[in-house]
Amino acid sequence: MTMAHCAFCDGAIGVESRETVEHFRPKSAFPDLAYEWNNRFPCCDMCQSNKREMFDPDLLKPDAPEYAFSTYFVANFRTGELEPSPRSDEKARLQAGVTIRIYGLNLPARKKARKREWERFVDPKTCLDDYNYRFSLADKFCNGE
Ligand SMILES: [Zn+2]
């Protein structure tokens with residue numbers, strides 16, 4: 001499903017991070033969902049250690065049928081941050097903000113890593129799955145930054 005990328009930050013897992021299994025709805029509050037397939041996602045150490053047992057009904061679920069990166073987020077190519085998309089409605093911007101906060105998507109190390117990856121990626125014809133943060137890279141090249 002995620003091609004060895006974290007379901008939340010889209011960073012590659014297995015090289016720079018252990019692969020963990022994230023319970024979208026935490027086991028502590030939703031024990032009946034602990035072994036439900038659609039509550040479990042491949043996840044990197046950093047996302048999991050930020051989220052821990054937090055949950056918010058506005059948190060974005062990456063396999064939701066209506067979910068698309070560009071619906072909720074834009075990449076700020078100057079700062080390395082992900083931001084709620086100004087093109088989205090208020091609800092979508094709120095959900096993006098909650099997701100950024102709970103998974104720590106704009107921690108300084110992440111912004112730095114994203115900028116480094118954007119600089120490394122120069123050829124849009126290469127295989128996107130070989131890179132971290134594929135969705136923000138697609139955003140960069142499709143929007144002509
Ligand atoms: Zn992650």
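One line per residue, one yes/no per condition, for (1) small (Gly, Ala, Ser); (2) within 12 Å of the ligand (Cβ to nearest atom):
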site: 3; (1), (2): no, no
site: 10; (1), (2): no, yes
site: 19; (1), (2): no, yes
site: 29; (1), (2): yes, no
site: 32; (1), (2): no, no
site: 49; (1), (2): yes, yes
site: 57; (1), (2): no, no
site: 62; (1), (2): no, yes
site: 65; (1), (2): no, no
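May I ask you to list the residues in the stretch 15-34 that are hydroxyl-bearing (Ser, Thr, Tyr) and farther than 18 Å from residue 62 by Cα? First the steps, then the outcome.
If we filter the stretch 15-34 for residues that are hydroxyl-bearing (Ser, Thr, Tyr), which is where we start, we get 17, 20, 28.
Within the stretch 15-34, 17, 28 meet the criteria.
Return a yes/no flag: does the stretch 79-89 have any residue that is touching a helix residue (DSSP H, G or I) at 6+ places or on another chain (Cβ under 9 Å), modelled with pLDDT of 95 or more and within 16 Å of the ligand (Cβ to nearest atom).
Checked the stretch 79-89: at least one residue is touching a helix residue (DSSP H, G or I) at 6+ places or on another chain (Cβ under 9 Å), modelled with pLDDT of 95 or more and within 16 Å of the ligand (Cβ to nearest atom).
Check whether at least one residue in the stretch 71-90 is farther than 15 Å from residue 139 by Cβ, out of contact with any Asp or Glu (no Cβ under 7 Å at 6 or more places or on another chain) and among the charged types (D, E, K, R), and report yes or no.
Just the residues of the stretch 71-90 that are farther than 15 Å from residue 139 by Cβ, to begin with: 89-90.
Pick out the ones that are also out of contact with any Asp or Glu (no Cβ under 7 Å at 6 or more places or on another chain) and you get 89-90.
Checking the rest, the ones that are also among the charged types (D, E, K, R) come to 89-90.
Yes, some residue in the stretch 71-90 is farther than 15 Å from residue 139 by Cβ, out of contact with any Asp or Glu (no Cβ under 7 Å at 6 or more places or on another chain) and among the charged types (D, E, K, R).
The values are calculated or read from the model by the stated rules, or taken from the named source; none is laboratory data. Please read all numbers here as calculations on a predicted model, not as lab measurements. A quick note on method: Cβ atoms are made from the backbone with ideal geometry, for glycine too, and the neighbour counts reach across all protein chains shown.
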